[in-house]
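Right, one structure below, let's go through it.
Nothing in this text is a laboratory measurement; each read-out follows from the coordinates by a stated rule. Here the structure is a predicted model, which is why all the values come from computation and not from measurement. Please note: Cβ atoms are built from the backbone with ideal geometry, for glycine as well, and neighbour counts cover all protein chains shown.
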Amino acid sequence: MIPKDHPRYDSLVLRARMVEASRKGILADSAMIAHGRGEAFDYLIGERTTEPAEKAVKAAAAALILAEHPVISVNGNTTALVLEDIVKLSEVLNAPIEINLFYRTPQRIERIEKMLNEAGAKKVLGTDHEEKALIKGLKGPRANASREGVYKADVVIVPLEDGDRAEALVANGKKVITVDLNPLSRTAKTSSITIVDNVVRAVPLLIEKVEELKNLDENELENVLNHFNNSRNLKETLKIVSKAYTGDVEL
Ligand code: PTJ
């Protein structure tokens with residue numbers, strides 16, 4: 001039991017969620033390393049949603065509302081940290097959830113599918129009993145995508161994605177939205193919209209933004225999208241990170 005008044009309470013709760021998920025067998029062996037890297041970057045942005053992240057969330061919401069076939073892709077870490085929010089996002093967008101694992105095993109797929117279904121997910125794709133299609137530019141099992149999911153999607157949200165896949169999805173003509181605390185990662189740089197924020201803050205905020213913007217007309221949504229520039233947004237985030245490095249922050 002983590003005491004509520006512990007100064008690192010929120011961070012410790014997330015670690016506990018990861019440990020629990022690891023016990024349940026849904027995480028990759030290196031999931032904790034990825035989480036630790038995320039924690040380090042989260043420190044550097046002040047463990048809060050920055051202004052550039054808010055702008056990226058708004059653009060992401062517009063892109064997802066405008067999409068004809070939006071798809072939410074999840075891996076082990078995302079399921080461990082934001083299971084209920086992912087299910088809620090899929091409801092507000094009426095979008096399927098597709099399981100895409102970097103370290104794919106039938107056992108992990110089955111367990112994640114079960115957790116998503118138990119949390120109320122209406123449509124879970126990427127399982128082992130459905131037809132797959134190949135994403136061009138990728139080799140091995142990572143090239144597989146659900147034919148009616150990521151393969152067909154025009155807009156995909158892929159939190160904590162790896163660089164190769166983000167690049168290949170963009171090259172296959174998809175608008176790729178990612179959530180990645182590392183603004184320097186290849187995924188962050190190649191995606192169409194990168195939300196540099198912790199997935200536990202970004203997904204609830206995204207749900208809020210979708211609810212807020214969903215009644216705007218198409219032109220207004222296009223306008224939101226056209227005002228967003230991913231590399232400019234990443235540079236704004238890096239300025240915040242560099243302030244933390246140079247000690248130009250309140251101590
Ligand atoms: O479940 P699998 O098999 O698909 O594997 C998932 C991991 C995350 C283990 C796998 O995709 C991987 O190895 O990822 P990387 O290449 O380590 O990248 C993870 C990225 O996510 C890093 O840039 C981290 O900074 C970032 N990250 C980690 N935790 C969070 C995060 N970004 C947002 N929110 C987090 N909580």
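Structural remarks
- Tally of residues being under 16 Å from the mean Cα position of the chain (by Cα) and in a loop (DSSP other than H, G, I, E, B) across region 22-42: 1
- Residue list for region 183-199, restricted to those being assigned to a loop (DSSP other than H, G, I, E, B) and β-branched (Val, Ile, Thr): Val196
- Some residue of region 204-214 being farther than 17 Å from Ile135 by Cα and not in a helix (DSSP H, G or I): yes
- Top-ranked residue of region 31-54 - restricted to ones that are of a type in the set (D, E, K, R) and farther than 25 Å from Phe102 by Cα, ranked as nearest to the ligand (Cβ to nearest atom): Glu47
- Checked against the criterion of being part of a helix (DSSP H, G or I), under 13 Å from Asp197 (Cβ atoms) and within 12 Å of the ligand (Cβ to nearest atom), the candidates Val82, Val57 yield just one match: Val82.
- Scanning region 68-97 for residues that are farther than 29 Å from Ser11 by Cβ, crowded, with 19+ Cβ neighbours inside 10 Å and out of contact with any helix residue (DSSP H, G or I) (no Cβ under 8 Å at 6 or more places or on another chain) yields one hit, Val71.
- On the stretch given as region 85-105, residues that are outside any helix (DSSP H, G or I), touching a residue at least 40 places away in the same chain (Cβ under 8 Å) and of a type in the set (A, V, I, L, M) total 1.
- Every condition in (1) within 13 Å of the ligand (Cβ to nearest atom); (2) in contact with an Asp or Glu (Cβ under 8 Å, 6 or more places away or on another chain) is met by Arg104 except one, and the failing one is (2).
- Hits in region 106-132 - residues which are under 21 Å from the mean Cα position of the chain (by Cα) and part of a strand (DSSP E or B): Val124, Leu125
- Residue check for Ser30: of a type in the set (Gly, Ala, Ser), surrounded by 15 or more Cβ atoms within 10 Å (Cβ to Cβ), on the phi < 0 side of the Ramachandran plot and out of contact with any Asp or Glu (no Cβ under 6 Å at 6 or more places or on another chain): no
- Note on region 60-79: among residues that are out of contact with any strand residue (DSSP E or B) (no Cβ under 7 Å at 6 or more places or on another chain) and part of a helix (DSSP H, G or I), the one that is farthest from the ligand (Cβ to nearest atom) is Leu66.
- Residues in region 145-198 that are of a type in the set (Gly, Ala, Ser), touching a residue at least 40 places away in the same chain (Cβ under 8 Å) and away from the ligand (no atom under 13 Å from the Cβ): Ala145, Ser146, Gly149, Ala153, Ser192.
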